[in-house]
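The values are calculated or read from the model by the stated rules, or taken from the named source; none is laboratory data. Just so it is clear, the structure is predicted and the values come from calculations on it, not from any experiment. Ideal geometry is used to build each Cβ from the backbone, glycine not excepted, and the neighbour counts take in all protein chains shown.
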Amino acid sequence: MDEAKRVNRRILLVDSDHAFAAVLQDVVGEGFNISHVDSVKEAIPLLRSDKAEVALLNWDQPEQSDHTECMALLNEAQDLPVPLPVIVFSWDKRRECAIQALKGGAWDFFPQPLDILALKFALDRAHSRFLLAKDLADARKLISVQRIDGLIGNSKPMERVYEVMRKVAGVSTTVLITGESGTGKEVVARAIHRLSPRAQKPFVAFSACALPESLIEDELFGHGKGAFTGASQSRRGRFEEAQGGTIFLDEIGDLGLPLQAKLLRVLQERSVERLGSNAPIPLDVRVICATNRDLDQMVKDGTFRQDLYFRISVVKIQLPPLRERAEDVPILAEYFLRAFAVAHKKDIRGFSAAYLSALAAHGWPGNVRELQNVVERSVVLADGARLGIDDLLPELNRMGWTQDVPRGAFHEALRGFKREIVRSALKRHNGNKLKAAQELHISRCYLHRLLNQLNIKPDTEDGEVEEILTEPVPAARFQ
């Protein structure tokens, strides 16, 4: 089913021409539900009542040559709890008119007669922007209740993680947390500890890759007095330090086979012997392990003991990479923004639409840790009250999002922007127009027309036969 038929975008048209309103609904077709008011005074209460998701504003309001009422509507739309995108259109084709509207807060500007396909594309993008902002606003309300202590996200993959964590927190069985680097394995381990009856006891974290193997045994199990040269007194290991609480063994897959055998014995006997001593010390410790390696394959290769694998993986928690929980990106970004704004004493209160769009388009190979670092860098370097695209690393801005008013003739700048978006999408899909259209959320018909208008020739052809778009287009106000 076509995307336009699945989504019902609520559009508020502010225009005194009743005939135009009726024709516009027929022209834009399915997927757009247009309501109409004659004036800005009638429109503002509807904006406040959550009756629209995008507004279409005729800039040529009767007896308002200075556009005072139009600017008031733009201000009202921006001041709503969820800012409402407003698309402005006018018969005034001067660049100054477009700049006035855009600087006043308009999402986009169209000269009349309207290019209906370009308008539909803009309405679709504006609607997506509104939904993104709404999701972020909802996340702000839910962020304190839709997370397990220290973990943030409302996506289905994270809900499954939360469910397992709640079930396992109250028992003392071993847990194996797996996932890519940066997904938050230690955060999950600490959250399980805080939810458990052991919360008031120590949480001791140890990474098996942090020390050479010759020192790991001493770190984990401790040593007795005289165990080796320089051992002038006994020393407790990490297991003893975690007595009554939880020990978190990170990067467990990096342990060598000899240490794996000793760890297995500790887990089986529930006791530890310090180096140079034969006296067992009873342990009451909950063990949580983590790795980003494939332990199943390591068992098959003989580099990880099968009996130890069974012992540590009584319960397994697989953390999803951030690319599989993309809906959590705005929520996490908001959380990090608040934290770093306080830490660095910066008065930053939000994001620009372009900034969020760039975050959503990134693949996040470094997962949550990468996102955290990106937001912190932006907060440190930002000068304004909102994080903008200029505060983001250039390599994260794959789509070429911009928040500045382009220089030069307005129509040429708009044409160049369209051309860059289309060329980038085609390049990513090796010239496949069907896939490029799907990414841009436009029909193949519209993409085909854009290719002709912008004189773009894909490097490769996808063999698709494009349909011819036929729509009723009134000559007076549409191209």
Is it the case, given these coordinates, that E240 is farther than 25 Å from L319 by Cβ and crowded, with 17+ Cβ neighbours inside 10 Å? yes
When you look at F340, is it more than 22 Å from R238 (Cβ to Cβ), surrounded by fewer than 17 Cβ atoms within 10 Å (Cβ to Cβ) and modelled with pLDDT of 90 or more, yes or no? no
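For segment 1-112, which fully contained helices (runs of 4 or more DSSP H) count at least 2 residues that are more than 30 Å from Q438 (Cα to Cα)?
Working: elements: 3-6, 18-28, 40-48, 68-79, 95-103.
Counting at least 2 such residues, we get 18-28, 40-48, 68-79, 95-103.
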Restrict the check to segment 246-268 and report whether at least one residue is of a type in the set (K, R) and touching a residue at least 40 places away in the same chain (Cβ under 8 Å). yes
Among the candidates D307, D296, D328, residue that is touching a Ser or Thr at 6+ places or on another chain (Cβ under 6 Å), in a helix (DSSP H, G or I) and either in the same structural domain as R160 (by TED's automatic domain parsing) or touching a residue at least 12 places away in the same chain (Cβ under 8 Å) (or both): D328
With the condition kept exactly as written, say whether any residue in segment 466-476 is exposed (fewer than 12 other Cβ atoms within 10 Å of the Cβ), at pLDDT 70 or above, out of contact with any strand residue (DSSP E or B) (no Cβ under 7 Å at 6 or more places or on another chain) and closer than 23 Å to Q112 by Cβ. no
Please go through segment 231-253 and give me each residue that is in contact with a helix residue (DSSP H, G or I) (Cβ under 8 Å, 6 or more places away or on another chain), among the hydrophobic types (A, V, I, L, M, F, W, C) and over 19 Å from V168 (Cα atoms), ordered by number. F239, I252
